Amino acid sequence: MTLPLPRQAKQGRLIPARTGETLIRLILLSCAGIAIVTIFFILAFLIRDGYPVLSETGITSFLLGTEWNPTGYPVEKFGIVPLVAGTLCVTLGAMAIAVPLGIACAICVARLAPPAVRAVVKPAIELLAGIPSVVYGFFGLIVLTDWIRATFGVPSGESWLAGSIILGIMALPTIISVSEDALSCVPREFSEGSLALGATHWQTISRVIVPGALPGISAAVILGMGRAIGETMAVLMVTGNAAIVPSPLWNVLSPVRTLTGTLGIEMGEVATGSMHYHALFGVAVVLLVITLAVNLVATTIIGRLREQYAPGRPCGNAVPGSRRASLLSPEMRERAKIILLVAVLSLIGLPAAGIAGYAGCVFLFSLVALSWRRLSPRTTQKIAFFFISAATATVLLILAVILSDILVKGLPALSFEFLTEPPRDLGRSGGIFPAIVGTLYLVAGAIGFALPLGIGAAIYLSEYRAEGKLTKIVRTGTELLNGTPSIVFGLFGFAFLVLFLKFGVSLIAGQITLGLMILPTVIRTTEEALKGVPVSLREGSLALGATQWQTVSRVVIPPAVPGIVTGAILSIGRAAGETAPILFTAVVFSQRFLPDSPFSPVMALPYHLYILATNIPGAEANKYATAVVLLLLVILFYAIAIGIRTHYQKNTHW
């Protein structure tokens, strides 16, 4: 039998414990505040460096000016209308491609595909998300633009169409993943009730499940749009980068320039402190405001969807057919479906059919849409399932084409010398050993910076703070940080780390910039892993007299380690494939020796591939070999993460 401790002994034991708990809570709160502080600093430095151009030219001239010519003589022109128009053009084109394919693929994965098919499609979609943007740009520059040039008979395939196709492919994983989550979130009793009333499987999906998941699908589309707006390297490589408004406006073969592409092209050549320099920061402010607004809307929609389907909450408002779920009359909904179907299918058919076949596509799809209601339910189900299966097959085919082209042409160029030697003759010969080591240095420093901060923030949000205003602020800051374009992180790193703190273009500046970029991923994946640990384990530990930190460190974190490791590996994969954040902060194209200090610049695989593809003629073999090494490195990280998650799911039974 254990005797009770004297009062003095209790006090002597409890006071240090309480002091330690308070200290730990403050440390974790500081980690959680990093996201908010980072957003504040990004905004502050961008506005500070962008304000002079607004005071010089006027905000109206800057936002509504129709000419971008920052090196013009005798007058410089800083109107961003052509840049905004180019961004909107490629984004809308990308959404016309990605939305129907993504939603159809999400329906297949969530509601139709058997487990064996789902086991293939889901990793393929995750792999599509893991391909670095510079690899997409490389494929688009070498293969896609050449196909457009030959198909449409134009001098150059670098165009609005090329940018939309590449961005559409890049937005697919976001739209598919979020839409699938929304479709899976709709309570199963909805579909069971519909089927019990005699509806077909397709009628249940189209009239019950999809309307019930519409907020989440809308958020998926908005997030995909944000992904497209914030992309830099891929559009920079395939759109032609002409700061003009297409004429006529629907000329998809016209070259365009986006906001992100302008920053990527001009920031490396501008004189620091010049009006051109300040104008680029003004462009970054506009880009950041647009992307933050888009992601804030998507975050709000997703939050409301989760509340709507929270356990124990009545779901009557989500029932399709209820007044709140249906704002249009049945006739108006049918007409809207017909118009939308014709518009989407016609836009998808345009690249394949060419300009001459566009009218035929419109006529054919119009016939299908108008006759849709006259078909029997079984027939419409067969047609719908055929298109859904075709969309899913198209997504898998896209992945296969990209991987096969790069692997088939790149693997033969790989050799031991290529992997272990420095580059020679501007990268046309020699190897990429300094680029491989530089990439690993950057990734190691980024994960070393982001992992402790991210885990600490996630622990605070999950374990030390009940849902409230502060938690929502921190979580919103994290989501906004996650939606910030990578090129904006690069500009912030350049302004704050390279110039303000005088780190120079260096390894440490690149590591911190990449660490800030992957911080939201670490926070989100760690928080989800912690939430997966049953509450009963926490309650049992606290009931036995353990402190809050003892419970977290010895009971909650150990079973969540696989999820935390998965998030860390995904972050490593993303950091290894990013180009824009290190464009102005860390990298040089070629050097024979490894960096000898954290304040030395480094080579990196993504940047090396970008320069080889866009500036070095006669380096075909080394281009593809570099792309293969970068692709295999990122795929390895993602494969490890998927393997850990799969093993954890099979062996976890709460």
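Computed from the coordinates by the stated procedures, all read-outs in this text should not be read as laboratory data. It should be emphasised that the depicted structure is a prediction, and the values quoted were computed from it without experimental measurement. With ideal geometry, Cβ positions are generated from the backbone for all residues, glycine too; neighbour counts draw on all protein chains shown.
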With unit charges on the beta carbon (Lys/Arg positive, Asp/Glu negative), name the residue among THR525, LEU514, LEU544 whose Cα is farthest towards the positive pole of the charge dipole of segment 414-654. LEU544
Based on C-alpha coordinates, I'd like the Rg and Dmax of segment 119-261, in Å. 19.2, 59
Along the Cα→Cβ direction, 7 angstrom out, place labels at SER156 and THR394. What is the inter-label distance in nm? 2.9
More than 24 Å apart: what percent of Cα pairs in segment 537-654 qualify? 51
³J(HN,Hα), Karplus 6.51/-1.76/1.60, whole Hz, each residue of segment 565-575, x for Gly, Pro: 5, 4, x, 5, 5, 4, 5, 4, x, 5, 5
Long-range amide H contacts for SER600: which residues qualify at under 5 Å (H placed 1.01 Å from N, peptide plane, sequence gap of 5 or more or a different chain)? LEU507, ILE508
Subset of LYS122/LYS409; LYS469/LYS531; LYS409/LYS502; LYS382/LYS531 violating a 31 Å alpha-carbon distance limit: LYS409/LYS502; LYS382/LYS531
Over all pairs of different Cα atoms in segment 414-654, the reciprocal of the mean inverse distance gives a Kirkwood radius in Å of 19.5
Roughly how many debye, to the nearest 20, is the charge dipole of segment 414-654 about its Cα centre, given +1 on each Lys and Arg Cβ, -1 on each Asp and Glu Cβ, and no other charges? 420
Quick one: what are the phi-derived ³J(HN,Hα) couplings along segment 594-599, Karplus 6.51/-1.76/1.60 with θ = phi - 60°, whole Hz, x for glycine and proline? 6, x, 9, 7, x, 9
Need the full-extension length gain, ALA44 to ARG428, defined as separation in residues times 0.36 nm minus the C-alpha distance. One decimal, nm. 134.0 nm
Protection-proxy order for peptides 127-134, 412-419, each taking the mean of Cβ atoms within 10 Å per residue, highest first: 127-134, 412-419
Quote the FRET efficiency, to the nearest 0.05, computed for VAL408 versus TRP250 with a Förster distance R0 of 35 Å and r equal to the Cβ-Cβ distance. 0.45
Ranked output for segments 524-530, 635-641, 613-619, 234-240 by mean other Cβ atoms within 10 Å, highest leading, reads 234-240, 524-530, 635-641, 613-619
Long-range HN-HN contacts of GLU421 with modeled amide H, under 5 Å: GLY431, ILE432, PHE433
Assertion target for HIS276, HIS608, ordered by fewest C-beta neighbours within 10 angstrom first, is HIS276, HIS608
For LYS77, residues with placed amide H under 5 Å, excluding near neighbours: ASN69, THR71, GLY72
Of every Cα-Cα pair in segment 456-587, the percentage lying beyond 21 Å is 51
Those chymotrypsin sites (Phe, Trp or Tyr not before Pro) in segment 178-282 that DSSP places in a loop and that have at most 13 other beta carbons within 10 Å: TRP250
